[in-house]
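None of the figures in this text is laboratory data; all of them are computed from the coordinates on show. Remember, it's a predicted structure, so these values are computed and weren't measured experimentally. Counting neighbours? That spans all protein chains shown, and the Cβs are built from the backbone with ideal geometry, glycine included.
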Amino acid sequence: MSNANRHDIHVLNDLIQTAIDSADGYREAAAEATDPGHRELFARRGAERREVAEELQSTVRELGGDPTADGSILAKAQRAFADVRHALMRDEASMVGAVESAEEAVRTHFEKAMADSQISALTRETIRRAFVRVSEGRDDLHDLRHSLEGQRDASNPLFPR
């Protein structure tokens with residue numbers, strides 16, 4: 001690996017971990033979702049994140065580096081905490097809210113990488129394309145969470161009728 005590519009490879013490997021973490025989170029959300037439509041949405045998003053990770057891994061190889069193949073330990077711990085919280089609440093809206101929060105963290109991570117002044121223009125463009133894919137459907141999760149929260153509120157006996 002050349003010194004010129006070292007920083008780009010580091011940034012890309014960090015984003016690969018983020019994409020893998022996101023894919024794993026979606027896979028777990030699909031397994032936990034009670035609604036078949038939500039399961040399908042989460043499974044599809046997980047597959048999309050795997051594709052993003054694979055594309056970034058390919059770029060790392062092209063730059064002469066070794067792409068990471070695993071997510072981060074921190075993300076695994078955060079998902080375990082979310083699993084416990086969801087099990088205690090047993091609420092689909094809270095699970096969708098956790099997924100939405102995780103997605104915002106993923107977007108922020110990609111935005112920081114794009115703003116890195118030390119990466120090459122080619123790497124920045126690769127990250128930008130991945131960011132577009134990661135950002136797709138962002139509003140869908142937001143709308144889904146609000147819809148579920150509205151349903152929960154409407155079923156509350158204290159909800160005005």
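Net length available on complete extension from THR34 to GLU111 is 24.5 nm, with 0.36 nm assigned per residue and the Cα-Cα distance removed. Of the peptides 113-123, 42-52, 57-67, the ranking by mean beta-carbon count within 10 Å, highest at the top, reads 42-52, 57-67, 113-123. Annotation: extensible slack from ASP70 through SER58 equals 2.9 nm (criterion: 0.36 nm per residue apart, minus Cα-Cα distance).
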